[in-house]
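Written out below as structure tokens is the structure these notes cover.
Derivation of every value follows stated rules applied to the coordinates shown; laboratory data play no part. Because the structure is predicted, anything quoted here is derived from the model rather than measured. Cβ sites come from the backbone with ideal geometry, for glycine too, and all protein chains shown count toward neighbours.
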Amino acid sequence: MYPDGDQQEIEWSLRVNQVVDLNGSPLRPSWPPPRIIAYRIYKVRTAEEIGFLRRFHYAELMTMKQLASFVRNGH
């Protein structure tokens with residue numbers, strides 16, 4: 001779930017504080033920091049629906065400063 005309320009279905013699980021790209025794919029730290037749109041997963045919620053579980057990953061937009069720190073610290 002993106003900050004603007006949009007949702008995207010993914011086939012993998014994410015962790016809190018994991019950094020992902022616009023498509024929900026995990027990012028690896030690289031130097032220099034890429035100029036991309038990146039999100040940090042700040043909440044994971046599981047909901048049980050008829051016959052299956054749905055997992056919701058809540059994302060917040062990262063600033064360039066936060067992304068540079070992510071790259072510098074390696075996580």
For this session: Return the loop-located trypsin sites (Lys or Arg not before Pro) in the chain (DSSP other than H, G, I, E, B) with at most 10 other Cβ atoms within 10 Å of their own Cβ; answer none if there are none.
Result: ARG15, ARG35
Exercise. Helix 64-73 versus the longest principal axis of the chain: what is the Cα-based angle in degrees, 0 to 90, to the nearest 10?
Worked result: 80 degrees
Seminar exercise, completed: If exposed means GluC sites (Glu not before Pro) lying in a DSSP loop and surrounded by at most 12 other beta carbons within 10 Å, then the longest stretch of the chain lacking such sites spans residues 12-75
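If you average over every viewing direction, what projected area does the convex hull of the Cα atoms of the chain give, in nm²?
Working: hull surface 20.2 nm².
So the mean shadow area of the Cα hull is 5.0 nm².
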For this session: Determine the calculated [θ] at 222 nm for the chain from helices alone, applying -39500 (n - 2.57) to every DSSP H run no shorter than 4 residues and normalising by the residue count; nearest 500 deg cm²/dmol.
Result: -4000 deg cm²/dmol
